[in-house]
Amino acid sequence: MCSAVSVAGAPPTLKFPTPMHIISLAEENNRDAIYETEAALDHYFYHPNTAPFLAYRFAQQFEISNPTPLYVKTIPHAFKDGRYTSACITFGSGQYGDLAATVRAVLLHSEARNVLLEADRVHGFFREPLLKIIQLMRTLEFKAAKGAPMMLLGDIEDTVRQMVFELPDVFLFFPPDFEPTGMIGASTMVSPEASVINTPEIFSTVNGFESLTKYGLIDCFGEFGETILFMDGAAVPSCSDLISGDYQGSTGHLTVLKNEGMTPSTIVDQLSLLMTSGRLDSASREIVTLAYQDEKAATNHGRAIICAQQLILTTPEIHKTGRVTPNSKGGVNPSIPSLTGKPYKAVVFFVKSYQAW
C-alpha cells in the first residue's frame, strides 16, 4: 500500500509519501498500536540510509574522526550482509543488521589497525572526557575504600561536559560534524570531541586528574568525586587537611605500582603502557624518569609514583589516539617593545574560578 501527496499546480514529480496509518480511529485497540509501532521500527531499520549512517558514527566513535570513504563503505556491507571476513575468518550470522559482523568490520579493517597511519598527525580522535577518567581508574587499578563499596562520581557533567545518563540532547554529547578552529577545521575535517575542549574544561580535567592521583576519589580541588561527610563512621577531613598519598576520606584510590622493586625507567615504561598504550614519546619519558628519581630521593616511592602519574597525565598522548609529533622548533619569544611615552589603553584578560573576565 502506498499513499502520496501531490501539490496542485506543481510538476507531477513533486510529491511525497504520507506515513502509513494502521490504527483504526473508529475502533482503537492495542493490537493495531503494536502493528503500527513495529511497522515504524521496520521502516527505520531497513531504510537504505540506516547502514551508512551507523557506519560513519561507529567509525568515529571507535577509531577515526575522519574515516576514508573506503572504510565507511566496508561497514555498511557488513551490516547489510550480516557477515564480515578478516584473515580467513568469517564473523556474523548472515542476517541483516548483525552487529557482530558490523563491529568487527569497524575494528578489524586495515584503516583501523595499520600502525603506519599513526604517522598522519590527524589520524585517530580526541578521547572522550568520561572515558579518559574510567580508563585511568581501570588501568591504574582503582580500589574502593572500605566504607564505599560503590564508585561515586560527582556532577562532572558541569566540569568536563560529559556524564553517564546526562546527555544534553538526543544527539549524544558531541556534534559529529564539529569543525574546530585551527588546522583541523581549515582542512575541512571534523573532531566531535573537540567541541568540549576549551579553557574551563581543560582546567577541570587536569585538576581532577591531579587530585585523583594525590588524594583519591574525593570532592576536593576540582575532583571527580561525590561530596561525602562521613566515611566508615568517621568524619571526612576538610580539603585543607588532606595529605598527598594518604587517601583519607576518599571513596577509593589508584593502587598500581605502589610496591618498589623496579628501576625508574621500567616504572615509566609500565606507566606509559598502562596510561598511553605505550605511545609516550622519548623526550617525555626522560622528563618523567628524572622527576621520579628526584621525588623518590626527596620523599619516598609512593610520592614519586604520584609525581610520575601527574606528569604523564599532562601529555597529549593521554588526550588523543595516534602518534603525537612534538614541535622541535619551540616557542617564539616575543620582542619587548620600546617605550614611546605616549598614552595607551591596556586590555587585561584573566581567568578566575574557570570564568573569563
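The values are calculated or read from the model by the stated rules, or taken from the named source; none is laboratory data. Owing to the predicted nature of the structure, the values given are computational and were not obtained by experimental measurement. Please note: Cβ atoms are built from the backbone with ideal geometry, for glycine as well, and neighbour counts cover all protein chains shown. For accessibility, only protein heavy atoms count, side chains too; no ligands or nucleic acids. Shrake-Rupley method; radii C 1.70, N 1.55, O 1.52, S 1.80 Å.
Kindly indicate whether residue 275 is surrounded by fewer than 19 Cβ atoms within 10 Å (Cβ to Cβ), in contact with a helix residue (DSSP H, G or I) (Cβ under 8 Å, 6 or more places away or on another chain) and aliphatic (A, V, I, L, M).
The answer is no for residue 275.
State all residues of the range 108-126 that are open to solvent by 60 Å² or more (accessible area, probe 1.4 Å), over 16 Å from residue 65 (Cβ atoms) and either touching a residue at least 12 places away in the same chain (Cβ under 8 Å) or of a type in the set (Gly, Ala, Ser) (or both); if no residue qualifies, say none.
110, 119
Being closer than 30 Å to residue 127 by Cβ, open to solvent by 80 Å² or more (accessible area, probe 1.4 Å), modelled with pLDDT of 85 or more and not aliphatic (A, V, I, L, M): is that true of residue 53 here?
Answer is yes for this residue.
In the range 320-344, what residues are of a type in the set (A, V, I, L, M, F, W, C) and either under 24 Å from the mean Cα position of the chain (by Cα) or at pLDDT 85 or above (or both)?
Selection gives 324 alone.
For the range 239-263, how many residues are open to solvent by less than 40 Å² (accessible area, probe 1.4 Å), touching a Ser or Thr at 6+ places or on another chain (Cβ under 9 Å) and part of a strand (DSSP E or B)?
Count: 1.
Taking the criterion of being open to solvent by less than 30 Å² (accessible area, probe 1.4 Å), assigned to a helix (DSSP H, G or I), on the phi < 0 side of the Ramachandran plot and among the aromatic types (Phe, Trp, Tyr), would at least one residue in the range 203-210 satisfy it?
yes
Name the helices (runs of 4 or more DSSP H) wholly inside the range 57-143 in which the number of residues that are touching a helix residue (DSSP H, G or I) at 6+ places or on another chain (Cβ under 7 Å) and either closer than 24 Å to residue 188 by Cα or of a type in the set (Phe, Trp, Tyr) (or both) is 2 or more.
Once the helices (runs of 4 or more DSSP H) in the range 57-143 are filtered for at least 2 residues that are touching a helix residue (DSSP H, G or I) at 6+ places or on another chain (Cβ under 7 Å) and either closer than 24 Å to residue 188 by Cα or of a type in the set (Phe, Trp, Tyr) (or both), what remains is 69-81, 110-113.
Starting from the range 22-46, take each residue that is in a helix (DSSP H, G or I) and list its partners that are at pLDDT 85 or above, counting only C-beta distances under 9 angstrom and pairs at least six apart or across chains.
44/50; 45/96; 45/97
So residue 198 passes all but one of these: (1) over 15 Å from the mean Cα position of the chain (by Cα); (2) over 19 Å from residue 307 (Cα atoms); (3) open to solvent by 40 Å² or more (accessible area, probe 1.4 Å). Which condition number does it fail?
(1)
I'd like to check something: does the range 289-306 contain any residue that is outside any helix (DSSP H, G or I) and of a type in the set (Asp, Glu)?
no
Name the residue that is modelled with the highest pLDDT, counting only residues in the range 183-202 that are assigned to a helix (DSSP H, G or I) and farther than 27 Å from residue 138 by Cβ.
Here the residue is 186.
Of the numbered conditions (1) at pLDDT 75 or above; (2) open to solvent by 90 Å² or more (accessible area, probe 1.4 Å); (3) more than 30 Å from residue 73 (Cα to Cα); (4) not acidic (Asp, Glu), residue 7 fails exactly one; give the number of that condition.
(2)
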